[in-house]
1. Need the failing condition index for Ala69 against (1) open to solvent by 60 Å² or more (accessible area, probe 1.4 Å); (2) at pLDDT below 95; (3) of a type outside the set (Lys, Arg), just the number.
2. Say we look at the range 123-145 and pick out the residues that are among the hydrophobic types (A, V, I, L, M, F, W, C) and more than 15 Å from the ligand (Cβ to nearest atom); which of these is surrounded by the most Cβ atoms within 10 Å (Cβ to Cβ)?
3. Given the residues Gly233, Gly184, Gly212, which is the only one that is over 16 Å from Met134 (Cβ atoms), open to solvent by 60 Å² or more (accessible area, probe 1.4 Å) and outside the structural domain of Ala146 (by TED's automatic domain parsing)?
4. Among Thr75, Thr81, which is the only one that is among the hydroxyl-bearing types (Ser, Thr, Tyr), in the same structural domain as Asn12 (by TED's automatic domain parsing) and within 20 Å of Pro250 (Cβ to Cβ)?
5. Which residues, taken from the range 166-181, are away from the ligand (no atom under 13 Å from the Cβ) and either under 9 Å from the mean Cα position of the chain (by Cα) or among the small types (Gly, Ala, Ser) (or both)?
6. Given the criterion more than 18 Å from Val136 (Cβ to Cβ) and either part of a helix (DSSP H, G or I) or open to solvent by 50 Å² or more (accessible area, probe 1.4 Å) (or both), identify the matching residue among Ala206, Ala227, Ala275.
7. Restricting the search to the range 40-88, which residues are within 10 Å of the ligand (Cβ to nearest atom), among the polar types (S, T, N, Q) and touching a residue at least 12 places away in the same chain (Cβ under 8 Å)?
8. The conditions are (1) free of Cβ contacts under 8 Å to residues at least 60 places away in the same chain; (2) more than 12 Å from the ligand (Cβ to nearest atom), and Asn12 fails exactly one of them. Which is it?
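The values are calculated or read from the model by the stated rules, or taken from the named source; none is laboratory data. This structure is a prediction, so every number in the text was calculated from the model and none was measured. Don't worry about glycine lacking a Cβ; one is built from the backbone with ideal geometry, like all the others, and counts go over all protein chains shown. With ligands, DNA and RNA removed, areas are computed over all heavy atoms of the protein, side chains included. Shrake-Rupley method; radii C 1.70, N 1.55, O 1.52, S 1.80 Å.
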Amino acid sequence: MTNSQNTHSTQNTFLVAGATGTVGREVVRELLDRGHAVRALTRDPAKAEFPEGVEAVRGDLGEPATLKAALEGVTGLHLITFTGGGYEPLETGPEILALAREAGVRRVTVLNGGGPTPLQDAVCAGELDWTVVMPVEFMANTLEWAEAVRTEGEVRAPFVDRVSALVHEGDIGAVIAVALTEEGHAGQEYVVTGPQALTLREKVAALAEARGSDITLVELTEEEAAAGMRAQGHDDATIAWLLDVYKNTPPVGRTVVDTVQRLTGRPARTFAQWAAEHAASFR
Ligand SMILES: NC(=O)c1ccc[n+]([C@@H]2O[C@H](COP(=O)([O-])OP(=O)(O)OC[C@H]3O[C@@H](n4cnc5c(N)ncnc54)[C@H](OP(=O)(O)O)[C@@H]3O)[C@@H](O)[C@H]2O)c1
């Protein structure tokens with residue numbers, strides 16, 4: 001390789017928060033596929049498993065000082081907006097951004113948590129190039145049915161005719177990787193959906209097809225669904241919020257948009273594809 005090729009090497013270093021999570025692990029994979037160096041942030045590197053070549057770095061977004069070393073030499077940063085298993089909104093955005101700026105970070109992506117949050121507000125008010133990625137319902141949410149499908153052959157859920165444009169988490173990761181690595185996405189807020197709006201009934205049918213045997217769909221009343229959520233430990237406010245989202249999925253949650261195709265140059269993956277990839281979890 002000549003000196004000039006070295007100078008123009010396109011490998012950059014990216015720090016990915018939420019890297020052990022549903023979306024973050026896809027961001028890691030996409031950045032690796034593009035030939036970049038990836039640092040995966042986790043509060044507990046001993047528990048985390050990352051693909052070969054990924055550098056696991058310990059850090060807590062709730063304690064920005066712990067991020068200083070992880071940010072050294074980083075070109076782009078992917079952020080989540082919450083902390084902990086209870087998804088409490090992070091209040092540390094301004095400190096995280098100040099450290100990122102000091103470290104020379106140029107681009108930040110934010111995985112939107114379903115509405116404005118203090119961290120997202122701080123990123124959008126800041127000086128770094130930012131892109132907000134707003135996915136609708138993840139296809140991976142259907143994994144919550146896996147155990148009942150395996151053991152009882154059934155899905156018990158309310159509002160079986162509700163429609164959702166659910167999205168493959170790999171496509172969310174791909175959109176984030178494009179926004180982090182390519183020009184032209186600064187100041188954009190991208191809604192990300194799958195290629196079809198499906199009813200819950202249609203989702204269950206796709207899972208049955210993928211696993212090769214029938215699934216009985218038992219429609220719960222709102223009261224039965226609330227009782228089930230209460231038994232899982234959800235509080236009343238969360239139950240009311242969840243039921244409202246299920247019952248009155250807003251237009252943005254059920255309207256297909258072409259963000260995946262537009263940014264990545266390939267079609268958004270279907271739920272049938274997702275179901276085929278995860279069939280073993282439902283057998
Ligand atoms: N599910 C949906 O349908 C849906 C739809 C749209 C938007 N969303 C949004 O997506 C987000 C959830 O993403 P996900 O499902 O990919 O997450 P997830 O699978 O629940 O994983 C949570 C991640 O957050 C990390 N984390 C939590 N607190 C942290 C902290 N203080 N410091 C550093 N890392 C921390 C965890 O890392 P460690 O434990 O390794 O430290 C883990 O990687 C939420 O904002 C949600 O509102 C979800």
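1. Checking Ala69 against (1) open to solvent by 60 Å² or more (accessible area, probe 1.4 Å); (2) at pLDDT below 95; (3) of a type outside the set (Lys, Arg), the one that fails is (2).
2. Trp130
3. Details: Gly233 fails: outside the structural domain of Ala146 (by TED's automatic domain parsing); Gly212 fails: outside the structural domain of Ala146 (by TED's automatic domain parsing).
Matching residue, one of Gly233, Gly184, Gly212: Gly184.
4. Numbers: Thr75 fails: within 20 Å of Pro250 (Cβ to Cβ).
Being among the hydroxyl-bearing types (Ser, Thr, Tyr), in the same structural domain as Asn12 (by TED's automatic domain parsing) and within 20 Å of Pro250 (Cβ to Cβ) holds for just one of Thr75, Thr81, which is Thr81.
5. Step one: of the range 166-181, the residues away from the ligand (no atom under 13 Å from the Cβ) are 174, 177-181.
Within the range 166-181, Ala174, Ala177, Ala179 qualify.
6. One residue alone meets the criteria, Ala227.
7. Thr42, Thr81, Thr83
8. Status for Asn12: all satisfied but (1).
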